[in-house]
1. I'm trying to understand the selection: among the residues of the stretch 159-181, which are more than 17 Å from K209 (Cα to Cα), under 17 Å from the mean Cα position of the chain (by Cα) and hydrophobic (A, V, I, L, M, F, W, C)?
2. Cβ-Cβ below 6 Å, separation at least six or inter-chain, first residue in the stretch 178-198 and without any contact (Cβ under 8 Å) to a residue 40 or more places away in the chain, second open to solvent by 30 Å² or more (accessible area, probe 1.4 Å) and outside any strand (DSSP E or B): which pairs?
3. Would you pick out the residues in the stretch 105-125 that are open to solvent by 30 Å² or more (accessible area, probe 1.4 Å) and not charged (D, E, K, R)?
4. Within the stretch 25-69, how many residues are more than 18 Å from the chain's Cα centre (by Cα), modelled with pLDDT under 80 and open to solvent by less than 90 Å² (accessible area, probe 1.4 Å)?
5. Might you check whether a residue that is part of a loop (DSSP other than H, G, I, E, B), of a type in the set (S, T, Y), open to solvent by 40 Å² or more (accessible area, probe 1.4 Å) and more than 30 Å from H124 (Cβ to Cβ) occurs anywhere in the stretch 165-177?
6. Which residue is nearest to L172 (Cα to Cα), if the candidates are limited to the stretch 91-104 and must be of a type outside the set (V, I, T) and open to solvent by less than 20 Å² (accessible area, probe 1.4 Å)?
7. For K180, are the conditions met, namely being in contact with a helix residue (DSSP H, G or I) (Cβ under 6 Å, 6 or more places away or on another chain), at pLDDT 95 or above, open to solvent by 20 Å² or more (accessible area, probe 1.4 Å) and outside any loop (DSSP other than H, G, I, E, B)?
8. Could you list, in sequence order, all residues of the stretch 193-219 that are assigned to a helix (DSSP H, G or I) and surrounded by 12 or more Cβ atoms within 10 Å (Cβ to Cβ)?
Amino acid sequence: MSSASFGAYTRAIVRQIPDSIRDHSEGVASRLEDPRLPVYGPIDLEKGRKEHALYTQTLRDLGLDVTVVPADESTPDCPFVEDTCVVVGNRALMTRPDGETRRKEIDAMEKVVKDLGLEVHRIHDRDATLEGGDVVFTGHEFFVGDSICSNREGHRILAETFPEYPVHSIRLKYPKFHLKGVICMVAPGVMAVGESKWGQSAWKEVQEKSKFTYEPLWLPDQKFDDFTCDVIFFNGNLIHCMKEEGAESVKRFAKRFPDLNRVELTVGELKKVDAGLTCCSVLLE
């Protein structure tokens, strides 16, 4: 895959929201266990489903053929399909999430990906963990979070699955748990980077390890939350946060990318369990 084709997609996969996400999502548990993290009220399921439907329709309106997978009550975090696989071209690596409950999501997603005609690989090593939210693909190489969700064994298997692309491990300290929470591709050759200490640290390591040159677009930090850097770019479209969520970030997107079709969108209620825009879809060529 060349940089010229980076961000060229025709299809997407999303998954519906189960009732169980309200009380049993990993995001609920982590916020209750760590006093440093803000605690939100419970997810409003009706509102969340309306927001998710709008998210899905937006992908369709922008030209993607969207496959919608039914929810599974036994897997509360199943709407976060990004974590279940890494797809480049016609090849998919089914991941191995850190949480036991999340690993149950992989079988259903593997069937969907196979039915769409992709060449499918899967992580079977019990020492390995990898979640798609930790994987940033630039069109030239991978940057992967060395985090509480993904480890070096998972990185190794990613490199074996996609041997034509370098894989670079980027250290990510808790409470950040996914690399895309601090750094994300916003356009070919450009990375959105959170101004927090975690974003600055990740960017420094990206610069040290990269075999190519990227330009940063720095975005404002909020306490423990660089979520505005989590964006979706494809086919000349840039989906980013709502003005109400990050007015300064929206202003910086507009200034830097006047020629892109910029679309404001939110995951709304799902932010209460640490979701970002990229979490809720897998894009395919």
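1. Across the stretch 159-181, the qualifying residue is only F177.
2. If the second residue must be open to solvent by 30 Å² or more (accessible area, probe 1.4 Å) and outside any strand (DSSP E or B), the pairs left are G194/D221; E195/P220; E195/D221; S196/D221.
3. A108, L116, G117, V120, H121, H124
4. Selection size over the stretch 25-69: 7.
5. First pass over the stretch 165-177, keeping only residues part of a loop (DSSP other than H, G, I, E, B): 165-166, 172-177.
Next cut, of a type in the set (S, T, Y) only: 165, 174.
So of that shortlist, the ones also open to solvent by 40 Å² or more (accessible area, probe 1.4 Å) come out as 174.
From what's left, more than 30 Å from H124 (Cβ to Cβ): none.
No.
6. Of the residues in the stretch 91-104, the ones of a type outside the set (V, I, T) are 91-94, 96-100, 102-104.
Pick out the ones that are also open to solvent by less than 20 Å² (accessible area, probe 1.4 Å) and you get 92-94, 97, 99, 102.
Details: A92: 24, L93: 22, M94: 22, P97: 16, G99: 18, R102: 21 Å.
In this case the residue turns out to be P97.
7. Working: in contact with a helix residue (DSSP H, G or I) (Cβ under 6 Å, 6 or more places away or on another chain): yes; at pLDDT 95 or above: yes; open to solvent by 20 Å² or more (accessible area, probe 1.4 Å): yes; outside any loop (DSSP other than H, G, I, E, B): yes.
Spelling it out, K180 is indeed in contact with a helix residue (DSSP H, G or I) (Cβ under 6 Å, 6 or more places away or on another chain), at pLDDT 95 or above, open to solvent by 20 Å² or more (accessible area, probe 1.4 Å) and outside any loop (DSSP other than H, G, I, E, B).
8. Going residue by residue through the stretch 193-219, those that are assigned to a helix (DSSP H, G or I) are 197-209.
Correct list: K197, W198, G199, Q200, S201, A202, W203, E205, V206, K209.
The values are calculated or read from the model by the stated rules, or taken from the named source; none is laboratory data. Quick caveat, the model's predicted, so the values are computed rather than measured. Positions of Cβ are backbone-derived with ideal geometry, glycine not excepted, and every protein chain shown enters the neighbour counts. Remember, those area values only see protein heavy atoms, side chains included, never the ligands or the DNA or RNA. Shrake-Rupley method; radii C 1.70, N 1.55, O 1.52, S 1.80 Å.
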